[in-house]
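Only one structure is covered here, and it is reproduced in the block below.
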Amino acid sequence: MGCGTSMTRSRAKKSERAIKAAILIQRWYRCYMARLEMRRQYALSIFQSIEYAEEQAQLQLSSFFTFMLDHFIHLNETDKDLFSHFFSSPSGSDIQLLEYEQMIEVPDSYHGPRLSFPLTVADTNSLLRAFKDQQQLHARYVLQLLHETKKVLKQLPNIIHLSTSYSKEITICGDLHGKLDDLLLIFYKNGLPSEENPYLFNGDFVDRGKHSIEILIILFAFLLVYPNHLHLNRGNHEDYIMNLRYGFTKEVMNKYRSHGKKIVNLLQDVYSWLPLATVIDSKVLIVHGGISDTTDLDFLNLFKRNKMKSVLRPPKSSTERNYDLERSDFVEYSPVTRVKRCPSKQDIADRRMPRPSSSSSDRRQYTSELLDVGEHKWLLHDGVNSGPLREKQYLAHRVCTPRMHLELTAKEWKQVVDILWSDPKNQNGCTPNKVRGGGCYFGPDVTARLLKRYNLKMLIRSHECKQEGYEISHDGKVITIFSASNYYEDGSNRGAYLKLNPDLIPRFVQYQVTKSTRKQTLHQRVSVVEWSALKSLREKLYCRRSELIAAFQQYDPNYTGRISATEWASAMESVLHLALPWRTLRSRLVQLAPDGSVEYLSSFNDLEIEPPIKEVQPALVETLYRYRADLEIIFNIIDKDHSGLISIEEFRQTWKLFNSHLKIDIDDESIDNLARSIDVNKDGSIDFNEFLEAFHVVNKFKNK
């Protein structure tokens, strides 16, 4: 009896120890997973903060472009076309473009898809096969495809209205950003676009990834085959100036060296005709970014959307418009054989014609008065919305038009910026989106008011990378969908798309393109993402080195090289404005003293910019690195043929202009030394692309 009791107690103890061990293992595993999740979360926070800071810098370039146009073009009449070509609409009519396309020969050696228009399903299938095999579509077919796409887009309204059915769910995809593998995976999992399988792609098809042009070709081809079942909204990266910074322009020029400029120019027009929003079943609003407290869907529906060529091309003030009008010449057109003389500018001035203000009503008044000048009738051509004269007798007269285009107004510009750039927040209200630099942060109350005003149920948007590919906020009324997996780094996030039927209950499908990450453990995947994020952050620290040291030393008047963790975190945020958990990150970025204080100079000990240029001041090298992305955009504007070469004088003038705008304290001699240093072969030109690639922050100890 005693033996049996002893065995029972022994078993009970073993069972108890096993349970305790299981609990300890479970606790350890939960702690381990929590630490990994924390590391992944702050890595994503770093990536996102840096991304938004770059976008903020990009939007801030708009003020520089305005400054550049005001202080350079108007003051330098001999070289006024240096920048103005970039701020004008693509030159050439559709007829000229068609003639150009027909002149491009397709050699017999080309083995890629050969398209004929109108396109068929067979053409879309051949494109998919070709891109899977890493083939390239010939430039002639790319231009023809863009030309046909533009014709279709021009027929569409600003806001598309769609309806669902139980047999035809609509699939909604978010940002793709040049990630062709994600698009192909979506088609594999969900089926190709067709009448029975409609799709909506919610902007940001291009930039960042390596296959943006292939994604555009595929989407535009399906649009031509299924114009009623494949739909596209414009994103903030469907913007030709954004493409200069984030890689799409460079991709096109590398893949289509001879005809890349024509493709880039035509894309400006195609972008401007993309619809701005979609409404499904009169209940679900879909825009790329979001809304603001001033978003007016009725106004957006009537807005001439093709006027918005770029968010970075802000509208002119009324003073600037009047100045342009004074400089404009009157151009004569002869649509019929029976003509009469156009009045000269002096004739018009003598009749004291009013000048148009910024308001559309004043512009219409000015138009009507111009029509009635003298004994003849005239038509003021606005370059965008002109049409035939209403009265038949006017056709017998010459049409006289000044060189002026219908201008974008401040209200129109803001309305589009808000829907392309805004982000939701948890707090009520609407505040400027200072993190991105454009659009706003809109709260649940702003969402509720807009939905109520237009009798809507839900807002679907994209624009933000989410770890799981989607996020639901504002009490289920706002959904963010993001379709580019591994956006920042392999393993950083999933992609997702959603499906809607008449119940309007979204069904999410998640995925992740897996290649190198397939054989890695979770710990390895998180470590890769974390390392990449910290590397990007350390580069940001290094290019603000002087400012950071000055901020640290405000807390260290005795120059001990140490400050408290709180002081270090405050100094970091005051300079970088990235809103990161600095106290959590300090152990990853700097060395800690035994007492827990921060040895702040250790942030820069093992970093350098390579290769160093001996003739240039260290402060100038640091500044150049900080603004290299902005400079690349500016120099790409100067480099009209995108050859990568600009003259020494163009470099010098533009860098000085950039300095004066940003009030950077660098003397002219340093700029000249820099220009001479870059021109290694002394041929009078700068290979700016190679120069930019040379400026990388590296770990100098590993390098040595």
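The values are calculated or read from the model by the stated rules, or taken from the named source; none is laboratory data. These figures come from a predicted structure and were not determined experimentally. All Cβ positions, even for glycine, are placed from backbone atoms using ideal geometry, and neighbour counts span all protein chains on display. Quick note on the areas: whole protein, heavy atoms, side chains included, nothing else; ligands and nucleic acids left out. Shrake-Rupley method; radii C 1.70, N 1.55, O 1.52, S 1.80 Å.
Taking amide H as placed 1.01 Å from N in the peptide plane, Ser492 has its amide H under 5 Å from the amide H of Asn486, Tyr487, each at least 5 places away in sequence or on another chain. In this structure, the pairs whose alpha-carbon distance is over 28 Å, taken from Lys189/Lys425; Lys150/Lys179; Lys255/Lys304; Lys179/Lys457; Lys250/Lys656; Lys414/Lys540, are Lys189/Lys425; Lys255/Lys304; Lys179/Lys457; Lys414/Lys540.
How would you order 119-131, 265-277 from highest to lowest mean count of nearby Cβ atoms within 10 Å? All intermediate terms of the calculation are to be shown ahead of the outcome.
Numbers: 119-131: 17.4, 265-277: 21.0.
Most protected by this proxy first, the peptides run 265-277, 119-131.
Taking every DSSP bridge with both residues inside the stretch 154-260, close to 25 percent are antiparallel.
I need the shape label for the stretch 218-317. Rule: rounded when a/c is under 1.5, else prolate if a/b > b/c, else oblate, with a, b, c from the alpha carbon gyration tensor. Show your work: numbers first, answer last.
Working: a/c = 2.30, a/b = 1.39, b/c = 1.66.
Oblate is the answer for the stretch 218-317, as a/c is 1.5 or above yet b/c matches or exceeds a/b.
Between rounded, prolate and oblate, where does the stretch 410-504 land on the alpha carbon gyration tensor, with a ≥ b ≥ c its root eigenvalues, rounded for a/c under 1.5, else prolate if a/b exceeds b/c? Before the final figure, lay out each step's value.
Working: a/c = 1.91, a/b = 1.22, b/c = 1.56.
Because a/c hits 1.5 or more and a/b fails to exceed b/c, the stretch 410-504 counts as oblate.
When the Cα gyration tensor is reduced to axis lengths a ≥ b ≥ c, the ratio a/c is 1.5 or higher for the stretch 444-558, and with a/b not above b/c it is classed as oblate. Legend: translational diffusion of the stretch 139-278 by Stokes-Einstein, Rh = Kirkwood radius over C-alpha pairs, 25 °C, 0.890 mPa s; D = 161 µm²/s. Applying both filters, DSSP loop and at most 14 other Cβ atoms within 10 Å, to the trypsin sites (Lys or Arg not before Pro) of the stretch 510-603 gives Lys515. Across the stretch 191-207, coupling constants 3J(HN,Hα) worked out from phi with the 6.51/-1.76/1.60 Karplus curve, θ = phi - 60°, read x, 6, x, 6, 5, 8, 9, x, 10, 10, 9, 9, x, 6, 7, 10, 6 Hz, and Gly and Pro carry x.
Once the Cα-Cα distance is subtracted from the 0.36 nm per residue extended length, the Val106 to Glu468 segment shows a gain of 125.9 nm. Residue separation of Glu195 and Lys210 scaled by 0.36 nm, minus their Cα-Cα distance, works out to 2.4 nm of gained length. Summarising the amide proton neighbourhood of Ser483: residues at separation of 5 or more, or on other chains, whose placed amide H is nearer than 5 Å comprise Gly174, Asp175, Ala496. Once backbone amide H atoms are built at 1.01 Å from N, Leu200 has Thr171, Ile172, Cys173, His231 as its partners under 5 Å, excluding neighbours fewer than 5 places away on the same chain. For the pair Asn426 and His577, a Förster radius of 22 Å applied to the C-beta separation gives a FRET efficiency near 0.60, rounded to the nearest 0.05.
Only protein heavy atoms count here; under a 1.4 Å probe, Thr164 has an accessible surface of about 20 Å². Annotation note: trypsin sites (Lys or Arg not before Pro) in the stretch 180-287 located in DSSP loop regions with a Cβ neighbour count of at most 10 within 10 Å are absent. The chymotrypsin sites (Phe, Trp or Tyr not before Pro) of the stretch 151-234 meeting both criteria, a DSSP state outside H, G, I, E and B (loop) and at most 15 other C-beta atoms within 10 angstrom of the site's C-beta, are Tyr166. A protection proxy built from the mean count of other Cβ atoms within 10 Å ranks the segments 482-489, 35-42, most packed first, as 482-489, 35-42.
Of all the C-alpha pairs in the stretch 164-207, what % are more than 12 Å from each other? Could the numbers behind the result be given before it?
Values: 587 of 946 pairs.
Result: 62 percent of Cα pairs exceed 12 Å.
Annotation: extensible slack from Lys304 through Met38 equals 91.1 nm (criterion: 0.36 nm per residue apart, minus Cα-Cα distance). Given R0 = 51 Å, the distance between the Cβ atoms of Glu54 and Tyr559 translates into a calculated FRET efficiency of 0.90.
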